[in-house]
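**Student:** Below: one structure in structure tokens.
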Amino acid sequence: MSDNKPKDHKASTLAALLKEKPKRGRPPRAVSRQNVYVALSKEQKEQMKNLATYLPKNLARADVPDLAISILSARFDALRLAVADREQEIPEGITDLDALYLLWDLPLPDRTNETRWTSIRLSPQQIIELGRVQGTFKAVFGTTRSQTFGLALVLLTHFLQDGTLYDPNEPATLSDLRKKIRGIYL
């Protein structure tokens, strides 16, 4: 009969060394982000890079899409509250996405620029909020996810350049900025 006792296997030196080695790729986050594909122009990609310079030092370019969706969701919720007693989602005069840009005093987008598909990384809650807003806009205006995200970028640009979001001397987390955005609009 053979002896079926488990043998003590000592960890090899290479395995022990690799266990301590830091992993390559994106640094781990408390909440893992997921890829969402949108069509962006070169100007919009540059806009995302430029917006990262307005953020607190402990936030990076990767946080720009999350903040853009947060501000879009807050503005959309404020719009819904304005017509809550009339059983509507959007006021009567808003018949297309351009009218929404004009309502919020935003510059109209340049739709002549060539767009290319790219992925943005969003937190799970921001994916839900983007889906909710984009679903409403698609039903009412026939917009795409890319057009909805473009509106979010313009809103964030307008908001960050206004300078009311945070004190640049104080470090702020992503959740702090989201709470401040919700507090301003709701």
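The values are calculated or read from the model by the stated rules, or taken from the named source; none is laboratory data. Just so it is clear, the model here is predicted, and its values are computed rather than measured. Note that we place each Cβ from the backbone using ideal geometry, even for glycine, and neighbour counts take in every protein chain shown.
**Student:** Out of curiosity, is Lys180 among the basic types (Lys, Arg), assigned to a helix (DSSP H, G or I), closer than 23 Å to Leu55 by Cβ and free of Cβ contacts under 8 Å to residues at least 60 places away in the same chain?
**Tutor:** yes
**Student:** What pairs can you find where one residue is in region 126-144 and without any contact (Cβ under 8 Å) to a residue 24 or more places away in the chain, the other is part of a helix (DSSP H, G or I), and their Cβ atoms are less than 7 Å apart, with a gap of 6+ or different chains?
**Tutor:** Every condition considered, the pairs that remain are Gln134/Arg145; Gln134/Thr148.
**Student:** Failed condition for Leu102, given (1) part of a helix (DSSP H, G or I); (2) in contact (Cβ under 8 Å) with a residue 12 or more places away in the chain, with all others met?
**Tutor:** Of the numbered conditions (1) part of a helix (DSSP H, G or I); (2) in contact (Cβ under 8 Å) with a residue 12 or more places away in the chain, the odd one out for Leu102 is (2).
For (1) more than 17 Å from the chain's Cα centre (by Cα); (2) surrounded by 14 or more Cβ atoms within 10 Å (Cβ to Cβ); (3) of a type outside the set (Val, Ile, Thr), each residue gets a yes or a no:
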residue	(1), (2), (3)
Tyr37	no, no, yes
Ala52	no, yes, yes
Ala62	no, yes, yes
Ile69	no, yes, no
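**Student:** I've got another one for you. Please go through region 159-177 and give me each residue that is among the acidic types (Asp, Glu), modelled with pLDDT of 70 or more and over 19 Å from Asn50 (Cβ atoms), ordered by number.
**Tutor:** Asp176
**Student:** Also: Across region 72-104, which residue is surrounded by the most Cβ atoms within 10 Å (Cβ to Cβ) among those that are touching a Pro at 6+ places or on another chain (Cβ under 9 Å) and closer than 23 Å to Gly183 by Cβ?
**Tutor:** Leu79
**Student:** Surrounded by 13 or more Cβ atoms within 10 Å (Cβ to Cβ), more than 17 Å from Asp77 (Cα to Cα) and β-branched (Val, Ile, Thr), is that true of Thr136?
**Tutor:** Details: surrounded by 13 or more Cβ atoms within 10 Å (Cβ to Cβ): yes; more than 17 Å from Asp77 (Cα to Cα): no; β-branched (Val, Ile, Thr): yes.
Considered against the rule, which asks whether it is surrounded by 13 or more Cβ atoms within 10 Å (Cβ to Cβ), more than 17 Å from Asp77 (Cα to Cα) and β-branched (Val, Ile, Thr), Thr136 comes out as no.
**Student:** Continuing with this model, one more query. Which condition does Asn58 not pass, out of (1) loosely packed, with under 15 Cβ neighbours inside 10 Å; (2) in a helix (DSSP H, G or I), if it passes all the others?
**Tutor:** Checking Asn58 against (1) loosely packed, with under 15 Cβ neighbours inside 10 Å; (2) in a helix (DSSP H, G or I), the one that fails is (2).
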